[in-house]
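Below is one structure; the comments refer to it alone.
No lab work stands behind these numbers, since they all come straight from the coordinates. Predicted, not measured: the structure shown is a model, and the values here were computed from it. Every residue, glycine among them, receives a Cβ derived from its backbone with ideal geometry; neighbour counts consider all protein chains shown.
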Amino acid sequence: MRSLVQECARAALLLWLASLAAFAVIHGMPADPAEIFLVQMNRPVTPEAVARLHAEWGLDAPLFVQYVDWAGRFVIGDWGLSFRTAQPVLDEFLRRLPVSFLIGTGGLALAALLAIPLGHHAALRPHGIADRASRALAILAQAVPAFWSGLILLWILAVELRWLRPFTGGSAHQLILPTLLIALYSVGTLARVYRTELQLYQAQPYYRTALATGLTPREALHRHGRRHALFGLVAALTPEFGWVVGGTAVTEVVFGIPGVSQFLVDSIAVRDYWVLQGYIMAMAAWMILVHGASVGLRRALDPRICPEA
Amino acid sequence: MAWRSALAARRRWPAGPLVPGLLGIAVLLAAGALWQPYDPAAIDLGARHLGTSLAHPFGTDQLGRDMLSRTMVGGGYTLAVVATVALVSVALGTAVGLGAAVCDGLARAALLRAADFAIVMPSLVVALAITGLFGLTPLTAGLALGLGGWGPYALLTHALARRAMAQPYVRAAQALGVGSPGILLRHVVPAATPAVLTYLAADAGRTVVAYAALAFIGLGADTSRPDWGAMLYEYRAFIFDAPMLMIWPGLAVTLTALALHLLIEPDADRLAGLRRMATDTALAQATGPGGSPPPRAADKPLTGARPWR
């Protein structure tokens with residue numbers, strides 16, 4: 001119970017820090033948002049118009065008042081209007097979130113499911129096929145740019161073989177390739193993590209005890225090492241899950257998916273600060289959520305410890 | 001003879017023979033900063049979409065520009081970015097790391113927290129925001145990526161410095177009255193340099209891909225400037241008619257990044273060990289001595305290794 005209160009307090013603190021960062025966006029930027037707004041709207045940039053916008057948005061009030069006012073409106077769901085689309089920022093996000101969520105979490109879940117058997121076999125047989133394959137996948141994920149491999153996949157599957165119609169087909173046609181791409185870029189690293197965790201287990205005395213009781217290495221890894229390795233996998237997946245929703249700009253641009261990341265990219269291009277603010281807050285809230293879920297899951301896997309941060 | 005054994009390890013490694021060839025490619029591309037066979041911006045509408053020939057080994061694009069020349073210029077830009085990132089992140093990271101090693105109490109905690117924060121911060125968003133605001137040039141991209149990437153260097157330097165400062169001969173020097181600057185320069189920096197350089201090589205490979213991704217997403221990117229990423233963005237429209245156009249720049253990114261990764265691959269396990277040590281030392285600072293949990297490779301990974309997807 002006490003730990004729950006602590007977690008909540010920590011989450012509140014983090015959210016507050018994120019709100020300070022988001023608030024600083026408006027005031028730390030080199031250009032005046034009112035001028036950018038006027039230029040975007042094709043209206044003349046006169047000192048009077050700028051002053052009127054400042055008054056309308058409350059930008060001439062003291063900083064503290066502005067912050068309290070902004071944070072208050074943020075909490076009740078008034079995130080401001082996007083310059084570019086003239087729609088409420090919150091609505092824009094909510095409309096784009098499902099697609100980003102689907103390809104991100106779907107891709108990662110697929111990667112984790114593939115990483116477990118791959119890491120298991122890699123630990124069973126060092127320098128075997130699974131070990132080499134996971135190692136190669138991890139290196140390639142670092143070296144081959146995702147937008148290029150995405151284009152190559154597109155070329156082979158959609159242009160040469162015509163198996164998929166990623167731009168004109170239904171949602172399945174649209175979502176298969178991005179989900180696969182995200183999975184492909186995570187599976188190697190996750191398999192390496194799983195393998196390393198299993199190897200750490202193999203170095204423990206109780207692994208030898210397990211072997212002495214007559215278990216084969218495979219059985220020992222499966223029965224006793226799995227929990228240990230899953231713990232590590234969950235720990236490694238935590239930042240990945242925190243990232244994958246809203247952090248897949250490359251994939252979304254390549255496949256033309258109308259997701260959160262692409263929206264952010266387009267908004268930054270025209271300096272739509274309100275969208276950037278909303279994005280920072282939404283990401284912070286999502287990461288705190290993921291972190292909380294991860295702490296809970298890790299406690300369930302290993303009740304002995306309460307993981308630090 | 002540490003370098004001799006390192007060399008032998010490289011020769012034993014199965015892909016070792018590839019490394020000189022890959023490095024040769026990288027050097028050739030970097031040389032593109034100084035010289036190209038043709039003017040990379042010269043438009044020749046009479047020579048559009050030429051295939052591979054002796055005159056144009058990579059062919060020409062939709063405006064008749066020589067692809068080899070464009071790719072070589074892109075290599076020069078990439079080299080500039082890699083150099084800037086290396087300079088910024090190493091300078092900032094080692095300064096913070098050494099500072100944390102020398103300081104005590106609150107100052108150390110604050111510096112390590114700052115490094116943690118820099119690691120957790122979404123580098124893609126930071127880089128997008130900075131390059132979106134100030135335009136995408138090799139210099140701004142280098143600064144943006146360097147500012148997003150100094151965290152691991154700080155943790156690494158801190159851990160190595162702490163270890164070096166615990167050595168008896170360093171203690172002896174301290175007892176003899178050598179001050180902090182002397183200790184750092186004479187004993188700590190030489191002890192930390194090899195590890196930092198190894199990490200730098202891994203980082204350089206990631207930087208090549210990250211810069212290409214930034215140029216591909218193309219905020220404020222100048223498509224007339226032949227960055228590899230910008231070229232891919234431009235040529236992706238010809239995926240149906242001239243897929244070779246997107247092969248060359250993508251191959252350039254991949255081979256360069258791969259060369260850098262394969263160069264340090266024999267040290268991969270050592271690198272993983274360094275990472276673990278760096279995070280463990282930082283964690284020990286946060287939790288205090290005693291009650292250490294069982295070893296977890298992935299508890300707090302140095303997440304600079306995440307690919308952009």
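How crowded by other chains is A:242-251, given as the mean number of beta carbons from other chains within 10 Å of each beta carbon?
5
For the protein assembly as shown, what is the calculated [θ] at 222 nm in deg cm²/dmol (nearest 500), taking -39500 (n - 2.57) for each run of four or more DSSP H residues and dividing by its residue count?
Taken over the protein assembly as shown, the calculation gives -23000 deg cm²/dmol.
Can you compute the FRET efficiency between B:Leu45 and A:Val270 using 1/(1 + (r/R0)^6), with r the Cβ-Cβ distance and R0 = 30 Å? Round to the nearest 0.05.
For B:Leu45 and A:Val270, the calculated efficiency is 0.35.
Would you compute, for the Cα atoms of chain A, the largest minus smallest coordinate along each principal axis and list the three values in descending order, in whole Å?
Sorted from largest, the Cα extents of chain A read 84, 59, 30 Å.
B:Leu133 versus B:Asp104, label points 7 Å from Cα toward the beta carbon: distance in nm?
A separation of 3.9 nm, rounded to one decimal place.
Please compute the modelled spin-label separation between A:Arg162 and A:Ala136, points set 7 Å along Cα→Cβ, answer in nm with one decimal.
Inter-label distance under the simple model: 3.2 nm.
From the gyration tensor of the Cα coordinates in segment B:176-264, what semi-axes in whole Å does the equivalent ellipsoid have, largest first, with each one equal to sqrt(5λ)?
Details: eigenvalues 359, 43, 8 Å².
Semi-axes from the Cα gyration tensor: 42, 15, 6 Å.
Roughly how crowded by other chains is peptide A:192-201, in terms of the mean Cβ count from those chains within 10 Å of each of its Cβ atoms?
For peptide A:192-201, the averaged partner shielding equals 3.
Starting from the Cα gyration tensor of the protein assembly as shown, multiply each eigenvalue by 5, take the square root, and state the resulting semi-axes largest first in whole Å. Walk me through the numbers on the way to the answer.
On the way: eigenvalues 285, 220, 148 Å².
After diagonalising the Cα gyration tensor, the semi-axes are 38, 33, 27 Å.
Round to the nearest 0.05 the FRET efficiency obtained for A:Ile116 and A:Glu48 when R0 = 51 Å and r is the Cβ-Cβ distance.
Here the calculated transfer efficiency is 0.20.
If each residue of separation counts as 0.36 nm, what is the full-extension length gain between B:Ala172 and B:Leu251 once their alpha-carbon separation is subtracted?
23.1 nm
For A:Val39 and A:Phe101, what is the calculated FRET efficiency with R₀ set at 30 Å and r taken between the beta-carbons, to the nearest 0.05? Could the numbers behind the result be given before it?
Values: r = 34 Å, r/R0 = 1.12.
Result of the calculation: an efficiency of 0.35.
Test of understanding: extend the Cα→C-beta vector of A:Ala285 to 7 Å, then name every residue of segment A:48-69 with backbone N under 19 Å from that spot.
Hits in segment A:48-69 for A:Ala285 at 19 Å: A:67-69.
Using modelled amide H (1.01 Å from N, peptide plane; none on Pro or chain starts), what sits under 5 Å from the amide H of A:Asp272, excluding residues fewer than 5 places away?
Counting only residues 5 or more places away or on other chains, the set is empty.
So how much slack lies between A:Asp32 and A:Phe64, counting 0.36 nm per residue of separation and subtracting their Cα-Cα distance, in nm?
Contour length minus the Cα-Cα distance gives 9.6 nm.
For A:Ala293 paired with B:Leu34, estimate the spin-label separation in nm (one decimal), with each label point 7 Å from Cα along the Cα-to-Cβ line.
About 5.4 nm separates the two model spin labels.
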